[in-house]
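Here's the structure, in structure tokens; my notes come after.
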Amino acid sequence: MKPHPARDLLVLAALWGASFLFMRVTVPEFGPLPMAALRVAGAAALLVPLLHLQGKLSSLRTHWRALLVVGLTNSALPFALFGYASLHVTAGLAAIFNAATPLFGATIAWLWLGEALGAWRIVGLAIGFIGVAGMAWVRTDGAGASAPTLAIAACLAAPVLYGLSASITRRHLASAPPMAVAAGSQLGAALVLAVPAALNWPSTTPGASAWLHLAALAVLCTGLAYVLYFRLIAQAGPAYAMTVTYLLPAFAIGWGAIFLREAVTWPMLAGCAVILLGTALATGMLPRR
């Protein structure tokens, strides 16, 4: 299919938004660690052959140490954390916390890489963190009940890891082909999670429906999504690709409301708006004078 940036952006947001829905229905049967392990293993099974077809498989050997670290920080741990959180919070709420990833990424890049922060970026970071803190304080699961503190902590730790992974990638994998980073990180995450997943394998065999949902999570929401993401970067640039952050929560909230009948509350919508406003300012996506 011929690349089209706007279409790819919408499909990518829909796929990544759906990943929170699929976690909600697969984790109760598989558990967080087996779900995360099977997700990255399925994505690696799709991406590594594609990397071979591009003739860039040797990049995995060249950058294997950094790819292993990125696999841990960008996939293995965040997927397991969001998997645990999905047992207690709605798909929409988890996606709202995930939208704070650029905020943590900008902060870590400033602290570690010395990336300059202008006045507007600082204002955006402050607004975004206020939104995140407010969501954590309210602790609503979208149905009026309070979410467990550990689930909220998991939702906050995952985007911190995503932000850390972005700086690691910029510092140690700048010369690696983007598809090699995607394939190698998923393969590395699968290796890291293999033993923990085996030790926590469910005593009851998951049903056929759970396996189908997990296959969709691995192949569509992870493997195919990475292909679209890096194609989008190549076609329209990284700044354009980052706008998927703004669309993802809307899709996740919509999927959860349609298929799981998850309630959408005003605190969720208000928190989402504040976080996205701060993210837009901090990343320079929002036009300003």
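The values are calculated or read from the model by the stated rules, or taken from the named source; none is laboratory data. What you are looking at is a predicted structure, and each value in this text was computed from that prediction instead of being measured. Virtual Cβ from ideal backbone geometry, glycine too; neighbours counted across all protein chains shown.
Key figures
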read-out	value
Odd one out for T149, checked against (1) among the polar types (S, T, N, Q); (2) touching a Ser or Thr at 6+ places or on another chain (Cβ under 6 Å); (3) modelled with pLDDT under 90	(2)
Filter result for the condition that a residue is among the polar types (S, T, N, Q) and either over 21 Å from A182 (Cα atoms) or in contact with a strand residue (DSSP E or B) (Cβ under 9 Å, 6 or more places away or on another chain) (or both), over T101, T73, T107	T107
Hits in region 248-280 (condition: within 15 Å of L21 (Cβ to Cβ) and in a helix (DSSP H, G or I))	L248, P249, A250, F251, A252, I253, G254, W255, G256, A257, I258, F259
Any hit, region 109-117, residues being crowded, with 24+ Cβ neighbours inside 10 Å, small (G, A, S) and in contact (Cβ under 8 Å) with a residue 12 or more places away in the chain	no
Selected residue [surrounded by fewer than 24 Cβ atoms within 10 Å (Cβ to Cβ) and farther than 25 Å from V195 by Cβ] from G42, G31, G55	G55
So V181, is it surrounded by fewer than 15 Cβ atoms within 10 Å (Cβ to Cβ) and in a helix (DSSP H, G or I)	no
Test: residue in region 207-215 that is modelled with pLDDT of 90 or more, crowded, with 21+ Cβ neighbours inside 10 Å, polar (S, T, N, Q) and assigned to a helix (DSSP H, G or I)	no
Selection status of A158, buried (at least 20 other Cβ atoms within 10 Å of the Cβ), at pLDDT 90 or above, more than 14 Å from W64 (Cα to Cα) and not basic (K, R)	yes
Test: residue in region 204-218 that is more than 15 Å from the chain's Cα centre (by Cα), without any contact (Cβ under 8 Å) to a residue 40 or more places away in the chain and on the phi > 0 side of the Ramachandran plot	no
The one condition in (1) more than 18 Å from the chain's Cα centre (by Cα); (2) in a loop (DSSP other than H, G, I, E, B) that L111 fails to fulfil	(2)
